[in-house]
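The next block holds one structure in the form of structure tokens; read it before the comments.
The values are calculated or read from the model by the stated rules, or taken from the named source; none is laboratory data. These numbers were taken from a predicted model, which means no experiment stands behind them. Here the Cβ positions follow ideal geometry from the backbone for every residue, glycine too, while neighbour counts run over all protein chains shown. Ligands, DNA and RNA are stripped out before the accessible areas are found, and what is left, the full protein with its side chains, is counted by its heavy atoms. Shrake-Rupley method; radii C 1.70, N 1.55, O 1.52, S 1.80 Å.
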Amino acid sequence: MEKAALLETITALIPNAKVIEEGVDRPAIELPPAHLPEAAKLLHDTDDFAFDMLCAHTAIDRIDDGKFELIYQLYSTKFHHYLMLSVKVDREHPVVPSVSSVWRIAQWHEREVYDLFGVLYDNHPDLRRLFLEDDWQGHPLRKDYRDDFMLTME
Amino acid sequence: MSVKVKTLDDLTLPPPGADSPLSTQEYFINMGPQHPATHGVLRLLLRLDGENVREVIPVLGYIHRGIEKIGENSSYRQTIHLVDRLDYLSALMNNWVVSMVVERAAGIETNDRIEYIRTIMAELQRLQSHTLWWGVIGMDLGAFTPFLYGFRDREYATDIFEETIGARLTMNYIQPGGLMNDIHPNFVKRTKEFLEYLKPKIDEYDELVSGNAIIQKRLVNIGILSAEDAISFGTTGPVLRASGVPYDLRKIEPYGVYGKVEFDVAVGQAGDSWDRYIVRVMEMRESVKIIEQLIDNIPEGDYMTVKVAKAIKPPEGRYYGHLETARGVIGCFIVSDGKDKPYRFHLRTPNFNNLWCLTKIAKGWKIADLVAIASSLDIVIPDIDR
Amino acid sequence: MTAFSSFLFNYLNGVTANVYEPVSVATRAAEVWAHEPWLAIGWLALGMAVMLGFLVVIGMGLIYGERKIAGHFQCRLGPMRVGWHGLLQVIADTLKLLVKEDVVPAKADKVLHVLAPVLAIMATLLALAIVPATPWFQLIDVNIGVIYVTAVGSIGVLGVLIGGWSSNNKWSLLGAMRAGAQIISYEVSATLALLIIVLFAGSLQLSTIVESQADGWWIWRSHLAGIVAFFTFLIASTAELNRTPFDLPEGESELTAGFHTEYSGMRFAFFFLAEFINMFVASAIAATLFLGGWMPFQIAGLDGFNAVMQAIPPGVWFAVKTGGLIFLLMWFRWTFPRLRIDQLMGLEWKFLLPVGFVNLLFAAVLILMGWYFAPIPA
């Protein structure tokens, strides 16, 4: 599906979705966190898009805005089109619903994001740290993370 | 806090007889972080019932180096040196994906010569990676000899790289705006020699390993990954193609000069270990075909299109690009705030996604099958941990 | 003392013909025990010394051979640095193993941990004692040799089992359990194959079995039954030796090192040496029963040819046959991948064992009807 048509169909189906125009290199929409699970399910199941693969999921620490921006890169193996999903959550209480029931791999991507950013995922089957030890203090990819071993260039 | 965070201590064993008709006591066992079958510092926590695998719990992070964090503090050219250390058997492709995203973000143009050389190098590396993998799967199945045959043939390609690039493993060759240096005068001749040498060797691989009855018994119908599962687990590369999904970025979104060459995408049917094996052997032949079409037609031109001294400052925005490495799709996500360093530097690595399907497909098989399945997934650990 | 010294003289000067009729060292010692006890002890001491030397030479030779053969199979040279073509490499390795720290895991069963490698090597030494290398040299000629060799072989698995269990390591235990299951299963087939030759030769004594092959080795005199039995024995003994494609107890890509994961230094060397000596014993037994042991190659009627063959010393015949079989086992190892445990058990219980039983029946019928190549009266 063409970019414009795709975005039009998606916004028609998911009224809360807001199209991102600036600073992206592929179709992108922004969603409020509360609507993420149903939107994910729609995007995955609707035959018109069939976003059956979650290529990547990560977060950006927008420390100046006090937000975490969660990025979901979706892909359809049927139509070969992409969609970037952006969800912004509050940096102080970063709780978002998990999408691991829609895309299996999200379970581990979300664990990674929890580990490195401290974003908590509601309804996650096995929310554990992925890379760091279970008793590690802090979340290293946050912009304000500091520990005793860090080398910083000033 | 409403969300409960778990730890490894929360794992418990089921009571005897929960999973099998015999009332046997299950047990946990650590495969790794130091284990010959995990090819690195991967730790698989296994819940076993005798020899039967009941659950596979990968425990990661033993080689986590925080490449994404270092990337936030490095200039765009410096990040090239970091990504070599991800999947070190696809170092050139990792270089390329970062270069590709940075070039697109900063609007850097490349010329045909650069793209030809990049494509040839990437395919050479795919051959190199697959020959190594072929040896390793032999070793994992208990046959040591293929391992050395694989290394012998890989050596040939490594020598070619060494001559042009100066490095044998971590290449640092492809960089935003071109290449680190031009190809060596011998490059074309030696690459052709290598292809002539390798073609009969791939037939030898088939005779020595593919046709072996024990190998087939150990791989056919073992660890079946259905197409739906493969997609849901986000697997890519030969693992996904073996499940019957013809998803190959070289074909779907041709980058480099893949659009100009003829080649087939190797696709499996059943998604078992054998399909993953044979898809890679077929890919070797396709790679040979691709290089043969390109090697004589490298156009003249400059090997760099921007000045090295110039700092790259892409405009503000979020950029995602990806390409096909020997193991699957590597994606690079760069968030730029207009400075010379990325604000956020994320890598979507193929092995990270490929690893997790092990938790599903190894369940119910024996330990020996787990080793075979893991080997057929062709996992490189630094790529998972980053 | 004269008999002893003259024997020694002949022995050292290279006896080329059957000067002495087949008689074991133990028999010689027993004969002279009543009137010359010191001579008897001399014989036994000589036997032990020669056996010890034999053991070391065979062990080291096989290790060197295996490494060289593996090297050349794999397009490399194998050991090349220590000594001429790496000949002294094995000695260097032995020295290294001797001076290495002997680690016993803190939570291991210490007594059993120490006992296991001793058991393993003892079993092989006991089996080695009855191998009729030449007509004049065999330590003990037990009259139930075939039973003895299978019985003693089973002690080895005890060493493996104890070693794996006492290490207190789950990988070791897995390896030991695999070894137990595998060796006990395959022993059945190996014994069945040996029984066929016992049927043909009509004796359990190894020296008698060798002599019964003076006019032709059992592998073709008993034609089909012998050939099937030979290959059954070869497969079963490869499995008993834990060598590829049946090296599951070690299975280094699965179980790190299987039952000897926790062993180091000399104790590991014991397991290692036991494996190689076992390989020699299995090949020697196969050569003795199926390929005529030290008997030269004979074709009835061709007297000139037979004379040439007889001129070759029996020791050479024995060494060539055993060496050939050992090479075959090494060839297996560097070619085949490993089977899975259930496939391994399936192969034994569903294929080899039925074949072995049918073959035994078939052999019995052959003997009953006299449908085999009987020795031609001289």
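A few remarks follow.
- When residues in segment B:63-82 are screened for being more than 17 Å from B:PRO314 (Cβ to Cβ), surrounded by 18 or more Cβ atoms within 10 Å (Cβ to Cβ) and either of a type in the set (Ser, Thr, Tyr) or within 18 Å of the chain's Cα centre (by Cα) (or both), 3 of them pass.
- No other residue among B:VAL265, B:VAL257 is at pLDDT 85 or above and open to solvent by 10 Å² or more (accessible area, probe 1.4 Å) apart from B:VAL265.
- Any hit, segment B:85-98, residues being among the basic types (Lys, Arg), open to solvent by 20 Å² or more (accessible area, probe 1.4 Å), assigned by TED's automatic domain parsing to the domain that holds B:VAL209 and in a helix (DSSP H, G or I): no
Let's see how each residue does on (1) assigned to a loop (DSSP other than H, G, I, E, B); (2) within 29 Å of B:PHE333 (Cβ to Cβ); (3) open to solvent by less than 60 Å² (accessible area, probe 1.4 Å); (4) within 14 Å of chain C (Cβ to nearest Cβ):
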{"position": "B:ILE108", "(1), (2), (3), (4)": "yes, yes, yes, no"}
{"position": "B:TYR116", "(1), (2), (3), (4)": "no, yes, yes, no"}
{"position": "B:TYR149", "(1), (2), (3), (4)": "no, no, yes, yes"}
{"position": "B:ASN172", "(1), (2), (3), (4)": "yes, yes, yes, no"}
{"position": "B:PRO200", "(1), (2), (3), (4)": "no, no, no, no"}
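- Some residue of segment C:128-146 being surrounded by fewer than 19 Cβ atoms within 10 Å (Cβ to Cβ), within 20 Å of C:ILE183 (Cα to Cα) and out of contact with any His (no Cβ under 9 Å at 6 or more places or on another chain): no
- Residue within segment B:8-16 that is assigned to a loop (DSSP other than H, G, I, E, B), within 11 Å of chain A (Cβ to nearest Cβ) and exposed (fewer than 15 other Cβ atoms within 10 Å of the Cβ) present: yes
- Near pairs, Cβ below 6 angstrom, 6+ apart or cross-chain, from segment B:282-310 (over 23 Å from B:ARG250 (Cβ atoms)) to any residue that is assigned to a helix (DSSP H, G or I): none
- Residue within segment C:70-87 that is touching a Lys or Arg at 6+ places or on another chain (Cβ under 7 Å) and modelled with pLDDT under 80 present: no
- Residue match in segment C:18-34 (condition: polar (S, T, N, Q), modelled with pLDDT of 80 or more and out of contact with any Pro (no Cβ under 9 Å at 6 or more places or on another chain)): no
- Hits in segment C:294-304 (condition: open to solvent by 70 Å² or more (accessible area, probe 1.4 Å) and in a helix (DSSP H, G or I)): C:ASP303
- Residue among A:LEU151, A:LEU130 that is facing chain B (nearest Cβ under 10 Å), part of a loop (DSSP other than H, G, I, E, B) and in contact with a helix residue (DSSP H, G or I) (Cβ under 7 Å, 6 or more places away or on another chain): A:LEU130
- Scope segment B:363-386; condition open to solvent by less than 10 Å² (accessible area, probe 1.4 Å) and among the β-branched types (Val, Ile, Thr); matching residues: B:ILE367, B:VAL371, B:ILE373, B:VAL380, B:ILE381, B:ILE384
- Residue within segment B:112-134 that is assigned by TED's automatic domain parsing to the domain that holds B:TYR255, farther than 18 Å from B:VAL306 by Cα and of a type in the set (Gly, Ala, Ser) present: yes
- Residue in segment A:81-137 that is nearest to the chain's Cα centre (by Cα), counting only those that are β-branched (Val, Ile, Thr) and either more than 28 Å from A:ASP45 (Cβ to Cβ) or open to solvent by less than 10 Å² (accessible area, probe 1.4 Å) (or both): A:VAL87
- A single entry from C:ALA239, C:ALA225 fulfils the requirement of being in a helix (DSSP H, G or I), surrounded by 22 or more Cβ atoms within 10 Å (Cβ to Cβ), more than 17 Å from the chain's Cα centre (by Cα) and modelled with pLDDT of 80 or more: C:ALA225.
- Positions within segment B:32-43 being free of Cβ contacts under 8 Å to residues at least 40 places away in the same chain, surrounded by 15 or more Cβ atoms within 10 Å (Cβ to Cβ) and more than 14 Å from chain A (Cβ to nearest Cβ), in sequence order: B:GLY32, B:HIS35, B:PRO36
- Matching residues in segment A:56-70 - criterion: being surrounded by fewer than 23 Cβ atoms within 10 Å (Cβ to Cβ), facing another protein chain (nearest Cβ under 10 Å) and assigned to a strand (DSSP E or B): A:ILE60, A:ARG62, A:GLU69
- Filtering B:ILE298, B:ILE252 for residues that are away from every other protein chain (no Cβ under 14 Å) and farther than 19 Å from B:ILE379 by Cβ leaves a single hit, B:ILE298.
- Sole residue being in the same structural domain as B:VAL97 (by TED's automatic domain parsing), within 24 Å of the chain's Cα centre (by Cα) and of a type in the set (Val, Ile, Thr), chosen from B:ILE298, B:ILE312, B:ILE379: B:ILE379
- Close pairs (8 angstrom Cβ cut-off, 6 or more residues apart or separate chains): under 23 Å from C:SER166 (Cα atoms) in segment C:92-106, basic (Lys, Arg) and open to solvent by less than 100 Å² (accessible area, probe 1.4 Å) anywhere: C:ASP102/C:ARG267
- Qualifying residue in segment A:75-89 (condition: farther than 25 Å from B:GLY321 by Cβ and either within 8 Å of chain B (Cβ to nearest Cβ) or at pLDDT 85 or above (or both)): yes
- Evaluating B:ILE137 against the criteria (1) within 21 Å of the chain's Cα centre (by Cα); (2) among the aliphatic types (A, V, I, L, M); (3) open to solvent by 40 Å² or more (accessible area, probe 1.4 Å) leaves one unmet condition, (3).
- B:GLY268 under 19 Å from the mean Cα position of the chain (by Cα) and either part of a loop (DSSP other than H, G, I, E, B) or not assigned by TED's automatic domain parsing to the domain that holds B:ASN111 (or both): yes
- The lone exception for C:MET266 - which of (1) touching a residue at least 40 places away in the same chain (Cβ under 8 Å); (2) within 13 Å of chain B (Cβ to nearest Cβ) it fails: (2)
- When segment B:151-170 is filtered for residues that are of a type in the set (D, E, K, R), open to solvent by 10 Å² or more (accessible area, probe 1.4 Å), in a helix (DSSP H, G or I) and within 30 Å of B:THR38 (Cβ to Cβ), the ones remaining, listed by number, are B:ARG152, B:ARG154, B:GLU155, B:ASP159, B:GLU162.
- Looking across segment B:333-368, the residues that are more than 21 Å from the chain's Cα centre (by Cα), closer than 21 Å to B:GLY32 by Cα and at the interface with another protein chain (Cβ under 10 Å from one of its Cβ atoms) come down to B:TRP365, B:LYS366, B:ILE367, B:ALA368.
- Count of segment C:196-218 residues which are touching a Gly at 6+ places or on another chain (Cβ under 9 Å), in a helix (DSSP H, G or I) and crowded, with 20+ Cβ neighbours inside 10 Å: 8
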